[in-house]
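Colleague: Just dropping this structure here.
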Amino acid sequence: MSKKIVISGATGRMGQTLVRMIADNAEFELLGGIDRERASGDEAQRFGFKRIETADTAAELIRACDVVVDFSAVAGLQQLLAQDLSGKALVIGTTGLTNQVHQRLEQASSQNAVLVAANFSIGVNLLLGLVDAAARVLSPEAYDVEIVEAHHKRKIDAPSGTALALGEVIAKARSAALDAVRKDGRGGQTGARPAGEIGFHALRGGDIVGEHRVHFIGARERIEIAHSAQDRGLFAEGALRAAAWIAGRPAGTYTMKDVLGLESR
Ligand code: NAD
């Protein structure tokens, strides 16, 4: 039986990419969208929906669905999480999440099957594993880590959620808290670079879909592990794979590793 899906961030770039993919996928029935403005008839149809609601008016849509997929913005996700979502599976792709939103998602996981991923691509999830393996071998005393990411000029958060996820993996492998070693960009009289610091650098421009390069810089060698996304369909494909997998699962927190069957450490 097809899974009934609602897309939050319906008219955005990712929302529209999802709509196009669902149209070719018999596994899903698209019930409607959620965005800043309501729309019905031709106006909603223009975006591939029968109807688009705001979070506040979406109760009926939400009640009828199996899974809500959110690629909106932090404020949009907060409004969604303020609604009655009991029993619905949630797939969250929005990035730049605050601690408050993380806590709210944690609460939701007692009633909902919840999957949050800063990046839904298979390659990036593999990259996280490769970076973890590298960080376990390359000590913070001998290898400086710098993470460079590049995205399109409309992206509103930096560093990217994926860059932070890479930083988290490295910090954890080094038994450090990311907040204690994180350095976002450099300028002015910075002083010498302390050992163990993890530097983040964000390039913004044009229509770059998403690039991440992790540098492990030693005195005599440098290792670089990189990923480049060519098309945002990649993320939509992963999010739909997650949506199909999570719909109907018991309440709890899940990750892309569970969806992809990658071994967890
Ligand atoms: P976008 O700006 O094109 O689309 C965002 C949509 O959300 C818009 O339609 C906007 O109207 C809607 N929105 C914003 N604030 C809202 C609010 N308060 N209430 C209701 N709707 C609201 O952005 P995008 O490129 O589609 O990206 C959306 C999010 O997904 C971003 O956080 C981005 O970083 C993230 N993203 C994640 C992945 C991943 O793999 N996890 C991949 C790509 C993008």
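Computed from the coordinates by the stated procedures, all read-outs in this text should not be read as laboratory data. Computed from a prediction, not measured in an experiment: that's the story for all the values here. All Cβ positions, glycine included, derive from the backbone under ideal geometry; neighbour counts span all protein chains shown.
Colleague: Given the peptides 227-237, 101-111, arrange them by the average over their residues of other C-beta atoms within 10 Å, most packed first. Don't skip to the answer; put the middle values down first.
Modeller: Values: 227-237: 17.5, 101-111: 14.3.
Final packing ranking: 227-237, 101-111.
Colleague: In addition: Take a quick pass over the chain and tell me how many lysine pairs come in under 21 angstrom between Cα atoms, counting only ones 8 or more apart or on separate chains.
Modeller: Taking the chain as the scope, the lysine pair count is 9.
Colleague: Moving on to the next point. Among DSSP beta bridges lying fully in the chain, give the percent that are antiparallel, nearest 5.
Modeller: The answer is about 35 percent antiparallel.
Colleague: Which is farthest toward the positive dipole end of the range 40-166 among I62, N119, T162, measuring Cα position about the Cα centre, with Cβ charges +1 (Lys, Arg) and -1 (Asp, Glu)?
Modeller: Of the listed residues, the answer is I62.
Colleague: Let me ask another. Bin all alpha-carbon pair distances of the range 81-182 at 10 Å intervals from 0 and give each bin's fraction as a whole percent.
Modeller: Bins of 10 Å from zero give 13, 38, 33, 14, 2, 0 percent of pairs.
Colleague: In nm, what is the difference between 0.36 nm times the number of residues separating A226 and L203 and their Cα-Cα distance?
Modeller: Difference between extended and current length: 6.8 nm.
Colleague: Let me ask you something else. With the alpha-carbon atoms as the only input, what is the per residue convex hull volume for the range 146-264 in Å³?
Modeller: Values: hull volume 18.9 nm³, N = 119.
In the range 146-264, the Cα hull volume divided by residue count equals 159 Å³.
Colleague: Could you sort the peptides 169-177, 182-190 by per-residue average Cβ neighbour count (10 Å cutoff), highest mean leading?
Modeller: Output ranking for 169-177, 182-190: 169-177, 182-190.
Colleague: Suppose each label sits 7 Å from its Cα in the direction of the beta carbon; what would the T190-A59 distance come out to in nanometres?
Modeller: About 5.3 nm, to one decimal.
Colleague: Based on alpha-carbon positions alone, could you give the equivalent ellipsoid semi-axes of the range 124-187 from the gyration tensor, as √(5λ), descending, whole Å?
Modeller: Numbers: eigenvalues 90, 42, 20 Å².
Taking √(5λ) for each Cα gyration eigenvalue gives 21, 14, 10 Å.
Colleague: Ratio of Rg to Rh for the chain, alpha carbon only, Kirkwood? All intermediate terms of the calculation are to be shown ahead of the outcome.
Modeller: On the way: Rg = 19.4 Å, Rh = 19.4 Å.
Using Cα coordinates only, the ratio equals 1.00.
Colleague: Rank by packing, highest mean first: peptides 155-164, 63-72, with packing defined as the count of other Cβ atoms within 10 Å averaged across residues.
Modeller: Result, highest mean first: 63-72, 155-164.
Colleague: What whole-number volume per residue, in cubic angstrom, does the convex hull of the C-alpha atoms of the range 118-161 give?
Modeller: In the range 118-161, the Cα hull volume divided by residue count equals 86 Å³.
Colleague: Which number comes out as Rg/Rh for the range 1-110 once both Rg and the Kirkwood Rh are worked out on C-alpha atoms? Kindly include the intermediate steps, with their values, before the conclusion.
Modeller: Numbers: Rg = 13.1 Å, Rh = 13.8 Å.
That ratio is 0.94, to two decimals.
Colleague: To the nearest 20 debye, what charge dipole does the chain have about its Cα centre, counting +1 at the Cβ of each Lys and Arg and -1 at the Cβ of each Asp and Glu?
Modeller: 200 debye
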